[in-house]
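Below you'll find the structure, written out as structure tokens, and then a few comments.
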């Protein structure tokens, strides 16, 4: 969706952390991206490289940790795996499924020098 | 675009003005400084050394270490949104973020809503568009205060822009604030502005399968307004099918069918608005009375000590 804005958000978090934790260069960034978050990983990588140019994270490697999509099916009263936000329940085929996991967009960890 | 502070697209204008303020920057060589920002596209100020070369021998450098962050990417926006939400709650202002595709009739619906609420409920409007202040002018013609945010190349409003716009608008206590987002069914879904609810407008001249084509937006919304319902006799659009698609992505979404042109369904929409406004007003009064109660308690304690 709006990977450029998200990449800017990542850089802001990195710069805030640099301010509080005193580091001068970031070499690796781990992002947790949920399967249902709507983030295109390739677009994210491209935007991250563009946004971090000449910044503290210039040249940093982006590692993506994928979080699986899960939902709560109202019909089955159970947690089911989901691959699409609007997908059907894999057990009963119904659509009364509330997404419970897989929408994460988090900066997990940095490797810094 | 300011990619260093990232607090907004370089071309953002709020009623023609750049939102400019101080920022602190940490550069890759470890130096830190702060300076004012004009959020114009060209950066006139000098950023000094651009980045540390790989063989840098600056003191304290060298050892690699891990830093735990564990923060949401949208944390910054969400922090601004929380601040906006608190400012609005303190004043009992019921705020809606109106989202839709371009051409769904958002502005016409807003104008009609403001006219019908005249004398019953005060309304202020924040208008978001990439260019022009035509929409804000249409709102101002109704007598309601309105402010235009032009996002330039930006495809959505963010909480930082809205916070600035709120500061420029004359907001009355216990009023309604309508934020008309940029016409876009994708990006605005992810950006909390501090609103009480997102309201998605789907006009019946669009495809009834839009909710499953753009599920994020319909999942983020509390209410779906189906606009231009007066045109249904001329179309093949199936209302039940559109509702079914919307509930497939968001089982709890409420639906009201309206026509801003004929006024059909507007009563139900106004009742929904007034219900929300009454709740916001009630919460403010509750917090004011609890604060008064607390002040009275503290004064009593103080009086007891004086003795």
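Just a few scattered comments:
- Residue that is farthest from the other protein chains (Cβ to nearest Cβ), among those in the stretch B:215-247 that are under 21 Å from residue A:100 (Cα atoms) and buried (at least 21 other Cβ atoms within 10 Å of the Cβ): B:221
- All conditions in (1) surrounded by 15 or more Cβ atoms within 10 Å (Cβ to Cβ); (2) part of a loop (DSSP other than H, G, I, E, B); (3) within 12 Å of chain B (Cβ to nearest Cβ) hold for residue A:76, with the sole exception of (3).
- Tally of residues being free of Cβ contacts under 8 Å to residues at least 60 places away in the same chain and under 30 Å from residue A:84 (Cβ atoms) across the stretch B:158-204: 4
- Filter result for residue A:55 (within 8 Å of another protein chain (Cβ to nearest Cβ) and over 12 Å from the mean Cα position of the chain (by Cα)): yes
- Selection status of residue B:76, within 14 Å of chain A (Cβ to nearest Cβ), in a helix (DSSP H, G or I) and out of contact with any strand residue (DSSP E or B) (no Cβ under 6 Å at 6 or more places or on another chain): yes
- Breaking point among (1) under 15 Å from residue B:250 (Cβ atoms); (2) in a helix (DSSP H, G or I); (3) modelled with pLDDT of 95 or more, for residue B:199: (2)
- Of note, residue A:43 satisfies the criterion of being in contact (Cβ under 8 Å) with a residue 40 or more places away in the chain, within 18 Å of residue B:191 (Cβ to Cβ) and surrounded by fewer than 22 Cβ atoms within 10 Å (Cβ to Cβ).
- Selection status of residue B:297, under 30 Å from residue A:89 (Cβ atoms), more than 20 Å from the chain's Cα centre (by Cα), free of Cβ contacts under 8 Å to residues at least 60 places away in the same chain and surrounded by fewer than 21 Cβ atoms within 10 Å (Cβ to Cβ): no
- Residue B:64 meets each of the listed conditions (1) under 20 Å from the mean Cα position of the chain (by Cα); (2) at pLDDT 55 or above; (3) at the interface with chain A (Cβ under 10 Å from one of its Cβ atoms) apart from (1).
- The stretch B:175-192, residues that are part of a loop (DSSP other than H, G, I, E, B) and within 14 Å of chain A (Cβ to nearest Cβ): B:181, B:182, B:184, B:185, B:186, B:191, B:192
- Test: residue in the stretch B:177-194 that is surrounded by fewer than 20 Cβ atoms within 10 Å (Cβ to Cβ) and over 14 Å from the mean Cα position of the chain (by Cα): yes
- Flag for residue A:110 being on the phi < 0 side of the Ramachandran plot, at pLDDT 95 or above and within 11 Å of chain B (Cβ to nearest Cβ): yes
- Hits in the stretch B:97-137 (condition: over 18 Å from residue B:168 (Cα atoms), in contact (Cβ under 8 Å) with a residue 24 or more places away in the chain and in a loop (DSSP other than H, G, I, E, B)): B:101, B:102, B:103, B:104, B:105, B:118, B:120, B:121, B:130
- All positions within the stretch A:85-113 that are over 15 Å from the mean Cα position of the chain (by Cα), buried (at least 19 other Cβ atoms within 10 Å of the Cβ) and assigned to a strand (DSSP E or B): A:97, A:99, A:112
- The listed residues are B:224, B:217, B:178, and the only one of them that is touching a strand residue (DSSP E or B) at 6+ places or on another chain (Cβ under 7 Å) and at pLDDT below 95 turns out to be B:217.
- Residue B:207 within 14 Å of chain A (Cβ to nearest Cβ) and part of a loop (DSSP other than H, G, I, E, B): no
- Count - residues of the stretch A:16-31 that are surrounded by fewer than 19 Cβ atoms within 10 Å (Cβ to Cβ) and at pLDDT 95 or above: 3
- Residue match in the stretch A:2-9 (condition: assigned to a loop (DSSP other than H, G, I, E, B) and surrounded by fewer than 21 Cβ atoms within 10 Å (Cβ to Cβ)): no
- Which numbered condition residue A:12 fails, given (1) in contact with a helix residue (DSSP H, G or I) (Cβ under 7 Å, 6 or more places away or on another chain); (2) in contact (Cβ under 8 Å) with a residue 12 or more places away in the chain; (3) not in a loop (DSSP other than H, G, I, E, B): (2)
- Number of the condition not met by residue A:19 [criteria: (1) in a helix (DSSP H, G or I); (2) out of contact with any strand residue (DSSP E or B) (no Cβ under 8 Å at 6 or more places or on another chain); (3) within 9 Å of chain B (Cβ to nearest Cβ)]: (2)
- The residue that is farthest from residue A:41 (Cα to Cα), among those in the stretch A:2-15 that are modelled with pLDDT of 90 or more and more than 7 Å from chain B (Cβ to nearest Cβ), is A:14.
The values are calculated or read from the model by the stated rules, or taken from the named source; none is laboratory data. Here the structure is a predicted model, which is why all the values come from computation and not from measurement. Because the Cβ atoms are built from the backbone with ideal geometry, glycine has one as well, and the counts that use them run over all protein chains shown.
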